[in-house]
Amino acid sequence: MTKPTRLIAWGLCASLAAAAPVAADAPEKGPEKGGVSQERLKADVEALVGFGTRHTLSSQADPKRGIGAARRWAEAQFRASSKACGHCLEVVTPETMVSGARIPEPVRLVDVVAIQRGTERPNEVVIVQGHIDSRVTDVMDATSDAPGANDDGSGTALVLEAARVLSQRKFPATIVYAVLSGEEQGLFGGKLLADYAKQQGWTVKAVLNNDIVGGSCGSDGYCDDTHVRVFSEGPRADASDKTRAAARRFGGENDSPGRNISRYVAALAGGVQDDLSVRQIWRADRMGRGGDQLPFLEQGYPAVRFTVAVEDYDHQHQDLRTQDGVKYGDTVDTMDFPYLAKVTRLNVAALAALAKSPMPPAPVADAAVKTWTDVTWKPVPGAVAYNVWRRATDAAEWEAKPVVAGTAKTSAKLDGLRGDDWILGVSAIAADGSESPVAAAVPGGAFEPLASQP
Ligand SMILES: [Zn+2]
């Protein structure tokens, strides 16, 4: 179980922890308040399945069947949400030609992306994404029905629903809602969006990749609808030899930005008042498998993957068939929509918290040969105060309360704290009390690509 520990301590969290509702200004609950709708999620997954196949090599021109029709439908959903919020979403469709081991002839690849610009720091970006393409047993089969209800109709529906709900509100930072293509053929859509983020010069605070988030039972009958897994990398994918050596020597293998987003989302889950906890999985993805968070990590952008607690291998990447009495295929009837609604509400709460709070600072700890520890950082735009956190080097989570709470200064001298025995970190707090994730004062702990660091 994950305790809603860290976030209780300061202003934000009166609203996110303990007994208080998600906050008066955060209508994530209940359709009557413009909250997440289980019915809309189901209707969206059914609409996606209705395109027959969404394989990357399927028709782009057919008005009813194939990836092109599905993509245009997703774009229309974003445009409808935008119309409902006074055109608050900018819809863009980055595209590229791709080929690879699973794409023998070059094919046009298009992501569908809605951008909700921040009111104060529009260059600061939080991304929520899922992939719209689907597959069956043979990854090259572009013509058979490939419903892809859970993989990843669920993540695509979550993204569309998050856009509907959150576009009714305004945030200091930008939220990007992304429907990606080409995942099953080699994570092409994630790469395309990560490249786009770089071209735009975005400061990426967090990427929430949602892939297979709408089921709760495995093929062996084991079920769990009260957990969602959040995968995060340990050592950073973008680490240079120099950073890797420093992280190995001084600690940093358990404090990538993605790992600290995982801790942040896990703490947040306790405040969403759903029967849903985060099971933090401390590896970049599932064993032998991948997802669209990986291309972001390779470019140094903080990213995590949300996935169901229990996967159903009979109902993903399978030809539709009945064999020895067992039904195979990724179909709507094997999904759990109350569960998908819970995961969507958690994503919405996390996106709102991240889009309201400042960037995490990039702290440095100095404790060499002295009886105290100095922690210093540069001021962060939008921050009015900072919390300084610690945890023992072998502890999983930051302590329940900060060692220094709500300081307006950009340094802290921790008397008597022997730094060798602790991991230190700092979070930034906005005027409304919204708190960022903690960034650890270790090599590679900062929320920015290592290539851009001095
Ligand atoms: Zn997938």
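The values are calculated or read from the model by the stated rules, or taken from the named source; none is laboratory data. Small disclaimer: the values here were computed from a predicted structure and weren't measured. Backbone-built Cβ (ideal geometry, glycine too); neighbour counts: all protein chains shown. For accessibility, only protein heavy atoms count, side chains too; no ligands or nucleic acids. Shrake-Rupley method; radii C 1.70, N 1.55, O 1.52, S 1.80 Å.
Under 4 °C and 1.567 mPa s, how fast does the stretch 364-452 diffuse according to Stokes-Einstein, given a Kirkwood radius computed over C-alpha pairs? Answer in µm²/s, whole number.
After rounding, the answer is 97 µm²/s.
Evaluate the Kirkwood expression for the hydrodynamic radius of the stretch 196-280, namely the inverse of the mean inverse distance over all pairs of different C-alpha atoms, and round to one decimal in Å.
The answer is 15.5 Å.
Quick one: net charge around L424, please, counting Lys, Arg +1 and Asp, Glu -1 for every other residue with C-beta under 13 Å from its C-beta.
Once positives and negatives cancel, what remains is -2.
For n ≥ 4 DSSP H runs only, could you compute -39500 (n - 2.57) per run for the chain, divide by its residues and tell me the 222 nm figure to the nearest 500?
-7500 deg cm²/dmol
Could you tell me which of N150, L48, A237 has its Cα farthest along the dipole of the chain towards the positive end, charges placed at Cβ (Lys, Arg +1; Asp, Glu -1), taken about the Cα centre?
With unit charges placed on the Cβ atoms, the residue in question is A237.
Tally the DSSP beta bridges in the chain and give the antiparallel ones as a percent, rounded to 5.
Around 65 percent antiparallel, to the nearest 5.
Placing +1 at every Lys and Arg Cβ and -1 at every Asp and Glu Cβ, with all other atoms neutral, what dipole size does the chain have around its Cα centre, in debye to the nearest 20?
That gives a dipole near 1460 debye.
So for each of 369-381, 262-274, 67-79, 161-173 I average, over its residues, the number of other beta carbons within 10 Å; can you give me the resulting order with the highest mean first?
In descending order of packing, they fall as 262-274, 161-173, 67-79, 369-381.
Quick check for you: with a 1.4 Å probe and neighbouring chains kept, what is the accessible area per residue of the chain, in Å²?
Counting only protein heavy atoms, the per-residue value for the chain is 38 Å².
What are the semi-axes of the equivalent ellipsoid of the chain, taken as the square roots of 5 times the eigenvalues of the Cα gyration tensor, listed largest first and rounded to whole Å?
They are 37, 23, 21 Å, listed from largest to smallest.
Roughly how many Å² of E253 are accessible to a 1.4 Å probe, to the nearest 10?
100 Å²
Could you order peptides 109-118, 341-350, 308-317, 215-224 by the average number of other Cβ atoms within 10 Å of their residues, highest first?
With the highest mean Cβ count within 10 Å placed first, the list reads 341-350, 109-118, 308-317, 215-224.
Which pairs, out of K242/K409; K191/K356; K205/K409; K342/K409, put more than 29 Å between their alpha-carbon atoms?
Check vs 29 Å cut-off fails for K242/K409; K342/K409.
Summing +1 for each Lys or Arg and -1 for each Asp or Glu, what net charge is found among the other residues whose Cβ lies under 12 Å from the Cβ of R40?
With Lys, Arg at +1 and Asp, Glu at -1, the neighbours total -2.
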